[in-house]
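This report concerns only the one structure given below.
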Amino acid sequence: MSRRVGGKKRTRSLRLTRRGLLTAALGGAAVLAGGGAGGRGGIGRPFGIPAVLAASTASVKIGVLLPYSKVYQQLGEDITSGMTLYFESAGWKAGGRTLTVIKEDEDIDPQVALRKARKLIEGNNVDLLAGLVSSASALAIRDLVHNSKTLLVIANAGANAVTRARRSPYIFRISFSNWQTAFPIGGWFYENVARSCVVGGSDYAAGREDISAFKESYLASQGRILGEVYPPLNNTDYAPYIAQMQRLRPEAVFVFFAGSDAVRFVGQAAQYGLLKEARLVGPGFLVEEDVLPAQGKNALGTYSCLHWALTLQKPENLAFTRAYRDRWKREATVYAMQGYDAARVIVEALNTAGGDTVNKTGLIEAMASVKFASPRGAVAFDPDTHNVIQTVYLRQVRQVKDALHNVVFHDLGVFRDPG
Ligand code: PHB
């Protein structure tokens with residue numbers, strides 16, 4: 001399947017005839033002089049056309065791996081819509097080349113994600129990979145990406161290791177590390193919410209890492225953890241887990257849930273009375289704009305921390321949220337913003353590299369230098385880890401005109417993952 005993200009129009013990779021390639025070869029000396037992996041098949045070959053040149057004149061193939069089913073389906077759709085919006089604004093061009101997207105469903109099974117990533121890299125010969133929602137998929141495909149020297153721009157998946165112990169020059173993350181979405185709130189939570197609490201979340205890398213990051217700052221502030229509860233990912237029945245939390249009689253609970261898990265957890269926490277007994281707080285995914293309409297009044301008043309909010313008053317955010325609303329007839333979400341920025345990273349890096357996807361060192365350097373005023377505020381890549389450096393905000397779900405939205409009420413500062 002080869003088509004523009006989210007669009008109906010199918011675009012095939014540009015096919016060049018041998019004659020076309022030879023014509024291109026004559027005008028392409030500068031690209032060849034840049035060297036790169038295709039350098040061996042140089043102009044001296046009687047009939048062969050250098051791979052580097054062929055690659056530089058065809059469209060740039062971007063493999064997009066995102067969930068289009070199950071618990072994180074909406075996240076995948078939102079990231080896709082954000083990416084499309086940015087690529088459209090760039091006219092589907094970067095570094096003088098046309099951009100083509102090939103989408104695959106990441107699923108929630110990391111083995112499926114690995115299979116799809118292999119198909120995109122080895123079967124479709126993509127020039128770049130982008131996407132990934134789940135930490136488990138990011139961990140599963142890390143070695144494949146690294147060993148195949150495929151540049152990957154992560155648009156969500158926060159698994160700490162991929163920009164720490166298992167970091168790779170080929171991996172850039174414009175979204176967040178899991179640590180960045182929970183560590184920043186621990187001290188504030190201790191001072192303003194509760195001196196003791198129950199923690200929990202979906203039982204996989206993201207839930208575990210968020211809770212461990214929260215505990216790091218909360219325990220350092222002398223907070224006390226009463227218990228930890230980890231329901232499976234893509235869960236439907238939270239009753240036993242909510243009962244387990246209630247038995248500990250917490251004043252507050254700090255939890256990581258996202259997508260349809262966040263909708264079900266909040267709904268059932270209200271149904272079984274937990275929301276009347278305890279304050280609900282978490283990384284902002286818990287009550288993000290994708291799930292808020294379904295959660296309704298149950299989410300009202302919930303505090304969370306995140307690196308963006310729909311209501312963030314910045315000119316770049318006003319422009320982005322307006323353009324997104326006009327294009328898709330729905331509100332933007334943090335995932336849409338991350339997709340928009342991931343596409344911008346790709347476009348800007350390709351522009352700097354003059355569209356050369358064969359010279360990986362050049363493309364990596366170009367990408368590492370990308371920095372801009374995002375709808376969330378200033379973003380840049382940490383030169384050591386390639387993880388984004390960004391501001392984290394405190395938000396509360398409030399009534400804004402006729403709808404519920406996350407309203408930023410405090411800026412927790414700029415956070416760089418410890419690496
Ligand atoms: C993750 O698996 O890293 C993840 C998934 C969904 C989120 C945030 C993080 O909303």
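Taken together, the values in this text are just the output of simple stated rules run on the coordinates, not laboratory data. In this text, all values refer to a predicted model and were calculated from it rather than measured experimentally. Neighbour counts run over all protein chains shown; Cβ positions are idealised from the backbone, glycine included.
At a glance:
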quantity	calculated
Ascending count of other beta-carbon atoms within 10 Å, so fewest first, for 407, 145, 414, 198	414, 407, 145, 198
Amide H contacts of residue 390 (H built 1.01 Å from N, under 5 Å, at least 5 apart or other chain)	415
Relative exposure of 300, 152, judged by other C-beta atoms within 10 Å (fewest first)	300, 152
DSSP bridge pairs, the chain: antiparallel proportion in percent, nearest 5	40 percent
Sequence of 312, 66 once ranked by neighbouring C-beta atoms within 10 Å, starting from the fewest	312, 66
Dipole axis of the chain (+1 Lys, Arg; -1 Asp, Glu on Cβ), positive-most option in 241, 137, 85	85
